[in-house]
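Just below is one structure, and these are the notes that go with it.
The values are calculated or read from the model by the stated rules, or taken from the named source; none is laboratory data. What you see is a predicted model, and the numbers here were worked out from it, not measured in a lab. Backbone-built Cβ (ideal geometry, glycine too); neighbour counts: all protein chains shown.
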């Protein structure tokens with residue numbers, strides 16, 4: 001019987017998962033290097049869709065102490081994104097970094113699982129990170145995730161409340177592992193006069209910083225986004241506009257696009 005890899009990925013969400021990486025990783029805090037290693041793991045705690053870097057405790061520089069573990073609140077969603085590092089879903093011990101004032105800041109977590117060799121998961125948001133000699137942002141890079149951007153002449157139409165916001169046969173289709181296909185459209189094919197720049201900005205580890213657009217037709221709700229300075233594989237969608245199929249009526253070749261991720265289950269807005 002054939003194994004559906006998409007379903008297999010979701011079936012594994014309840015497990016503690018890891019993958020070794022040979023990349024040289026450096027993490028600094030306040031200008032001081034805290035770790036420099038080529039012996040890291042990528043670790044996904046149960047329910048997590050984004051990994052954290054886990055490094056050997058012996059490679060950490062500084063004064064570290066074990067901290068009391070916080071209780072995990074009831075009612076957590078079945079899928080957890082990169083936010084709220086402090087919510088741990090496997091046995092283990094939080095790790096704190098002591099400052100000059102003697103106060104400790106929680107910066108990591110050491111799972112009990114012996115297969116991880118006592119490695120400490122580091123809270124990505126608490127450090128500045130470099131892979132080899134390249135700075136990275138957002139979260140740790142998942143080696144099993146990729147982006148493909150393909151030109152398409154399919155007919156993409158976006159409407160809101162009966163008003164056409166976009167009509168294009170010059171889309172760029174962005175395929176990102178385990179996420180809905182997003183259709184990026186030239187601004188010439190978008191009613192930019194009906195959209196207003198939003199104050200919202202988010203960061204995607206693979207695509208860069210996104211800027212958002214709202215529609216007065218929908219009371220100012222953000223319904224679209226674009227990447228002014230995209231990273232690496234996302235360069236082909238620079239300044240093109242993508243719309244949420246969840247918040248608009250979006251059709252491709254006259255077929256309604258559905259199946260987007262509900263807000264409550266979306267790992268983070270930067271995963272668009």
Residue 204 passes all but one of the listed conditions (1) closer than 24 Å to residue 82 by Cα; (2) modelled with pLDDT under 95; (3) surrounded by fewer than 18 Cβ atoms within 10 Å (Cβ to Cβ); the exception is number (3)
Tell me, which strands (runs of 3 or more DSSP E) wholly within the stretch 126-193 include 3 or more residues that are closer than 25 Å to residue 10 by Cα? 147-152, 171-176
Criterion first (closer than 30 Å to residue 183 by Cα and either within 16 Å of the chain's Cα centre (by Cα) or at pLDDT 95 or above (or both)) does residue 122 satisfy it? no
Checked 95, 158 against criteria (surrounded by 19 or more Cβ atoms within 10 Å (Cβ to Cβ), closer than 30 Å to residue 229 by Cα and modelled with pLDDT of 90 or more); the one match is 158
May I ask you to say which residue of 140, 173, 125 is touching a residue at least 24 places away in the same chain (Cβ under 8 Å) and farther than 24 Å from residue 41 by Cβ? 173
